[in-house]
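The values are calculated or read from the model by the stated rules, or taken from the named source; none is laboratory data. What you see is a predicted model, and the numbers here were worked out from it, not measured in a lab. Every residue, glycine as well, gets a Cβ built from its backbone with ideal geometry; the counts of neighbours run over all protein chains shown. All accessible areas refer to the heavy atoms of the entire protein, side chains included, with ligands and DNA or RNA removed. Shrake-Rupley method; radii C 1.70, N 1.55, O 1.52, S 1.80 Å.
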Amino acid sequence: MSSTPPPTDRPRPPRTAAVIPAAGRGVRLGPGTPKALRALGGTPMLIHAIRAMAASRAVSLVVVVAPPDGAPEVKHLLDEHALPERTDYLVVPGGETRQESVRLGLDALPEDISAVLVHDAARPLVPVDTVDAVASAVRDGAPAVVPALPLADTVKEVEPAGTPGEPEPVLATPVRARLRAVQTPQGFDRDTLVRAHAEVAVDGEGATDDAGMVERLGAPVVVVPGHEEAFKVTRPLDLVLAEAVLARRRANDGF
Ligand code: C5P
């Protein structure tokens, strides 16, 4: 008799999942469809973001966190669009804040997931090389990895005015060379991120940055180079830029 255990008993290699919080309403883009479902080049922003994660061979599962009442619609959307078949997909309903939505995504992860990328649906055009770089830094042992870029603008810390448009007193000017603008996907050792979501309380609208929660645990966070095409689609002008990036990619693919 063979002593080889049946395949289900063999230990499986640890896997990486991407969690995509996509439950925001995107009010800064103006009225209309929820931001993640807005079309870019005729395809919903969320589908671009899912494809960007699934394009990485490191990612074997994508968990999409849908608007609280929008999971069936998002599932339907995933069925309608071609997605890589080697990747698994899950859709779960989100929460009131981004932080809650990420936690609900983490709750849905199967046991064999040991590393997690958290990627905003609002960054639909992140190149696969950036995703790969973050995933491999986590696999190499970093508990938290953030892609980021140096700043073009000098930044001032101010005392925010009570009324928009009022002059605001400047408190400080941080040294620009030491500042980075952070993007997603942010990558984490799963246990570290789960602990951060369990232990770090954030008031008000919740954490907008998962790595910030890990910093508050006292765990090390490192930055790797981000990419200019990983920008966040927030305001109407960002949609124009995103369409231009897509048009440039299509033109380049044609050659
Ligand atoms: O609003 P903001 O652009 O910072 O949102 C960042 C990401 O978090 C978006 O992809 C948005 O869909 C998501 N989000 C969420 N649940 C919320 C609020 C935001 O998944 N309640």
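Scanning segment 177-207 for residues that are open to solvent by less than 50 Å² (accessible area, probe 1.4 Å), touching a residue at least 40 places away in the same chain (Cβ under 8 Å) and β-branched (V, I, T) gives T184, T192, V202. For segment 216-255, the tally of residues that are among the acidic types (D, E) and exposed (fewer than 15 other Cβ atoms within 10 Å of the Cβ) stands at 3. Selection within segment 103-150: residues that are in contact with a Leu (Cβ under 7 Å, 6 or more places away or on another chain) and among the small types (G, A, S). The member of this set that is farthest from K232 (Cα to Cα) is A108.
If we scan segment 123-135, do we find a residue that is of a type in the set (G, A, S), touching a residue at least 40 places away in the same chain (Cβ under 8 Å), crowded, with 17+ Cβ neighbours inside 10 Å and under 17 Å from P185 (Cα atoms)? Within segment 123-135, one or more residues are of a type in the set (G, A, S), touching a residue at least 40 places away in the same chain (Cβ under 8 Å), crowded, with 17+ Cβ neighbours inside 10 Å and under 17 Å from P185 (Cα atoms). Identify, please: which residue in segment 75-113 is part of a strand (DSSP E or B) and either at pLDDT below 95 or open to solvent by 50 Å² or more (accessible area, probe 1.4 Å) (or both) and is, among those, farthest from the ligand (Cβ to nearest atom)? Within segment 75-113, the match that is farthest from the ligand (Cβ to nearest atom) is D88. If you go through segment 206-239 and keep only what is part of a helix (DSSP H, G or I) and closer than 21 Å to L149 by Cα, you end up with D210, A211, G212, M213, V214, E215, E228, E229, A230, L237, D238, L239.
Applying the criterion of at least 3 residues that are within 25 Å of T130 (Cβ to Cβ) to the strands (runs of 3 or more DSSP E) found wholly in segment 148-205 leaves 180-182, 186-189.
Return the residue satisfying two criteria in turn: it lies in segment 52-69 and is within 9 Å of the ligand (Cβ to nearest atom) and open to solvent by 10 Å² or more (accessible area, probe 1.4 Å), and of such residues it is nearest to the chain's Cα centre (by Cα). Please lay out each step first, then the result.
To start, the set of residues in segment 52-69 that are within 9 Å of the ligand (Cβ to nearest atom) comprises 65-68.
Remaining after also requiring open to solvent by 10 Å² or more (accessible area, probe 1.4 Å): 67-68.
Working: P67: 15, P68: 18 Å.
In this case the residue turns out to be P67.
Out of everything in segment 41-51 that is within 13 Å of the ligand (Cβ to nearest atom) and open to solvent by 10 Å² or more (accessible area, probe 1.4 Å), what residue ends up being farthest from the chain's Cα centre (by Cα)? Looking at the filtered set, the residue picked out is P44. Pairs meeting the criteria (first residue in segment 241-252 and free of Cβ contacts under 8 Å to residues at least 60 places away in the same chain, second residue open to solvent by 60 Å² or more (accessible area, probe 1.4 Å), beta carbons under 7 Å, at least 6 apart or on different chains) are lacking.
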